[in-house]
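First the structure, in the form of structure tokens, and then the observations on it.
The values are calculated or read from the model by the stated rules, or taken from the named source; none is laboratory data. No experiment lies behind these values; they were computed from the predicted model shown. Because the Cβ atoms are built from the backbone with ideal geometry, glycine has one as well, and the counts that use them run over all protein chains shown.
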Amino acid sequence: MGTELPDYYFRVRENGAAVFRVDTENRQRRIEMDQIAVVNIRNGEIKPQGDRVLSEDDLARIKAWMDERANVLAHRDIDDIHRAVDYLNLTTQWAQSRASDEQLEDVTDALLLAMHDLRSVLVRKKADRLTSGN
């Protein structure tokens with residue numbers, strides 16, 4: 001661990017984080033983490049913990065973390081989609097070259113329905129973009 005800890009710690013949760021203020025300036029020289037808020041990335045809500053009032057610095061740090069976290073999650077989303085394209089290509093190769101009849105029977109209907117659904121959405125979205133001039 002480095003010699004200087006950050007002032008805030010964000011424990012990531014499903015839709016955001018629990019926010020803690022980190023304190024090492026105490027007599028025992030122990031790391032103390034005091035939960036000050038809970039944040040929700042999806043709706044931008046910042047809820048102070050208990051009856052706590054957040055300072056301007058607290059809010060600024062929390063909002064900066066929320067912006068950074070939103071960017072990380074957006075990057076992960078698009079990366080996941082690029083991986084899905086790779087998986088589709090690998091699945092095609094597997095189906096063509098290695099899959100047994102039993103394996104194909106096990107996955108064909110689910111894959112066909114998922115691909116049909118995806119194709120329908122992509123075609124509709126593409127048409128919307130073309131007709132709106134984007």
Checking residue 133 against (1) under 26 Å from the mean Cα position of the chain (by Cα); (2) exposed (fewer than 10 other Cβ atoms within 10 Å of the Cβ), which single condition isn't satisfied? (1)
Tell me, please, whether a residue that is surrounded by 14 or more Cβ atoms within 10 Å (Cβ to Cβ) and among the polar types (S, T, N, Q) can be found in the range 69-82. no
Only one of 38, 107 is in the same structural domain as residue 122 (by TED's automatic domain parsing) and surrounded by 11 or more Cβ atoms within 10 Å (Cβ to Cβ); which? 107
Six or more apart or on different chains, Cβ atoms under 9 Å: show the pairs whose first residue is in the range 114-134 and not assigned by TED's automatic domain parsing to the domain that holds residue 88 and whose second is of a type outside the set (Ser, Thr, Tyr) and loosely packed, with under 10 Cβ neighbours inside 10 Å. 128/134
Within the range 47-69, how many residues are more than 12 Å from residue 19 (Cα to Cα) and touching a residue at least 40 places away in the same chain (Cβ under 8 Å)? 1
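Yes/no matrix, rows are residues, columns are (1) of a type in the set (S, T, N, Q); (2) exposed (fewer than 13 other Cβ atoms within 10 Å of the Cβ); (3) closer than 24 Å to residue 5 by Cα:
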| site | (1), (2), (3) |
| --- | --- |
| 62 | no, no, yes |
| 92 | yes, yes, no |
| 118 | no, yes, no |
| 125 | no, yes, no |
When you look at residue 83, is it out of contact with any strand residue (DSSP E or B) (no Cβ under 8 Å at 6 or more places or on another chain) and on the phi > 0 side of the Ramachandran plot, yes or no? no
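Here is a yes/no grid of residues against (1) of a type in the set (Lys, Arg); (2) touching a Phe, Trp or Tyr at 6+ places or on another chain (Cβ under 8 Å); (3) in contact (Cβ under 8 Å) with a residue 60 or more places away in the chain; (4) over 18 Å from residue 67 (Cβ atoms):
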| site | (1), (2), (3), (4) |
| --- | --- |
| 13 | yes, no, no, no |
| 16 | no, no, no, no |
| 25 | no, no, no, yes |
| 31 | no, no, no, yes |
| 35 | no, yes, no, yes |
| 45 | no, no, no, no |
Okay, strands (runs of 3 or more DSSP E) sitting entirely in the range 12-104 with 2 or more residues that are among the small types (Gly, Ala, Ser) and either under 12 Å from the mean Cα position of the chain (by Cα) or more than 30 Å from residue 118 (Cβ to Cβ) (or both), I get 16-23
